[in-house]
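> The structure's right below; bear with me while I get my questions together.
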Amino acid sequence: MNSRAQQLQAFDRLLNIMDDLRAQCPWDKKQTLESLRHLTIEETYELGDAILNNDLNEVKKELGDLLLHIVFYAKIGSETQDFDIADVCNEICEKLIHRHPHIYGDVQVKDEEEVKQNWEKLKLKEGKKSVLEGVPQGLPALVKASRIQDKAKGVGFDWEEPHQVWDKVQEELSELQAEVADGNQQRIVAEFGDVLFSMINYARFLNVNPEDALERTNKKFIKRFQYLESKAAEIGKPLSEMTLAEMDVFWNEAKKL
């Protein structure tokens, strides 16, 4: 692996390249914080895909893409004299030192859970009115639900045992079934949301990341469905003309693979 000096040299090289691109490249010159935003989100999802695929070489590449975006934002900030990359680094360093008093102070903790609880308490002392303020409004609903629950847990608002959460899932399912039988669409939507929220809660107690679990299932479904499509093409019969029984034969083949 590279030494610390080599790592710093590589980072300095990136900063110099960013200076060149901002000064000379027509595309890079035009970019703003706002224009880069959606690209950064895309890069983050690409990194997530690489991690789920356990493709470490791709993880390395996607981390580079994200790092470029961070350097790009800092470069734009320096041009308006609002902040630069040193400010960005120092800001996170100060935050980490402040929120890890068990490392940089005299606070004693016994486990990971106490670290998380202290983290949330310190955030409130910093002026935040709610522990949920740190949950971005723009997050996908599933990820947001997971983060909301994790934040609440950080201040002790949580179930004590997994079976209690599973009982809640069963309760929400029963309420959903009742609304389905009644036919009130507005209530069905509300109860369906409660079922999803309780399942995400249960996932925490199983040490399962619900977003990752669902994405793995998405990938599995895509792979099996594309196998089904390829087999249908081999026999020259469109899926729309196949019976479910015929499709199930290939689907079960895909599951075995």
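The values are calculated or read from the model by the stated rules, or taken from the named source; none is laboratory data. Note that this is a predicted model, so its numbers are computed, not measured. Because the Cβ atoms are built from the backbone with ideal geometry, glycine has one as well, and the counts that use them run over all protein chains shown. For the accessible areas, the whole protein counts, side chains as well, though only heavy atoms, and no ligand, DNA or RNA atoms are used. Shrake-Rupley method; radii C 1.70, N 1.55, O 1.52, S 1.80 Å.
> What do you get when you divide the Cα radius of gyration of region 150-193 by 2.2 N^0.38 Å, with N the number of residues? Before the final figure, lay out each step's value.
On the way: Rg = 13.5 Å, N = 44, 2.2 N^0.38 = 9.3 Å.
Normalised by 2.2 N^0.38 Å, the Cα Rg of region 150-193 equals 1.46.
> Quick one: what are the phi-derived ³J(HN,Hα) couplings along region 63-68, Karplus 6.51/-1.76/1.60 with θ = phi - 60°, whole Hz, x for glycine and proline?
Calculated HN-Hα couplings, in order: 4, x, 4, 5, 4, 4 Hz.
> Compute the Rg to Rh ratio over the chain from the alpha carbon atoms, using the Kirkwood formula for Rh, and round to two decimal places.
1.05
> Where the only charges are on Cβ atoms (+1 Lys, Arg; -1 Asp, Glu), what is the dipole of region 51-174 about its Cα centre, to the nearest 20 debye?
Working: 17 positive and 25 negative charges, 57 e Å.
Using Cβ point charges on Lys, Arg, Asp and Glu, region 51-174 gives about 280 debye.
> Once the Cα gyration tensor of region 5-44 is found, what semi-axes does its equivalent ellipsoid get, as square roots of 5 times the eigenvalues, in whole Å, sorted largest first?
After scaling each eigenvalue by five and taking roots: 22, 16, 6 Å.
> Can you give the percent of C-alpha pairs in region 202-257 whose distance is more than 15 Å?
Details: 848 of 1540 pairs.
I get 55 percent for the Cα pairs in region 202-257 exceeding 15 Å.
> Any chance you could run the full-extension gain for Asn184 through Leu132? It's 0.36 nm times the residue separation minus the Cα-Cα distance, nm to one decimal. Walk me through the numbers before you get to the answer.
Details: separation 52, 0.36 × 52 = 18.72 nm, distance 3.13 nm.
The span from Asn184 to Leu132 would gain 15.6 nm if fully extended.
> If I build a Gaussian network model for the chain, linking alpha-carbon pairs within less than 10 angstrom, which residue out of Gly105, Gly154, Gly236 has the largest mean-square fluctuation?
Gly236
> So what does Thr217 come to for accessible area, using a 1.4 Å probe and Å² rounded to 10?
Its heavy atoms expose roughly 70 Å² to the probe.
> Let me ask something else. At a 1.4 Å probe radius, which order do Met199, Met1, Met247 fall into by accessible area, largest first?
Met1, Met199, Met247
> Under a 10 Å cutoff between Cα atoms, tell me which one of Glu114, Glu215, Glu46 has the largest fluctuation in the Gaussian network model of the chain.
Looking only at Glu114, Glu215, Glu46, the largest GNM fluctuation is found for Glu114.
> If you line up the long axis of helix 4-24 against the longest principal axis of the chain, both from Cα atoms, how many degrees apart are they, to the nearest 10?
Roughly 90 degrees, rounded to the nearest 10.
> Right, here's the next one. Mind listing the phi-derived Karplus ³J(HN,Hα) values for region 40-50, rounded to whole Hz, using 6.51, -1.76 and 1.60 with θ = phi - 60°, and x for any glycine or proline?
Rounded to whole hertz, the list is 5, 4, 4, 4, 5, 5, 5, 4, x, 4, 4.
> Between Asp49 and Glu79, what is the spin-label point distance in nm, taking each point 7 Å from the Cα along the Cα→C-beta axis?
2.9
> Same structure again: Quick one: how many Å² of Arg224 are accessible to a 1.4 Å probe, rounded to 10?
50
> Quote the Stokes-Einstein diffusion coefficient, in whole µm² s⁻¹, for region 74-206, based on the Kirkwood radius over alpha carbon pairs, a temperature of 37 °C and a viscosity of 0.692 mPa s.
It diffuses with D of about 183 µm²/s by this estimate.
> On to the next question. What ³J(HN,Hα) values, in whole Hz, does the Karplus curve 6.51 cos²θ - 1.76 cosθ + 1.60 give for region 96-104 when θ = phi - 60°, with x put for Gly and Pro?
Along region 96-104, the couplings run 5, 5, 5, 8, 10, x, 6, 9, 9 Hz.
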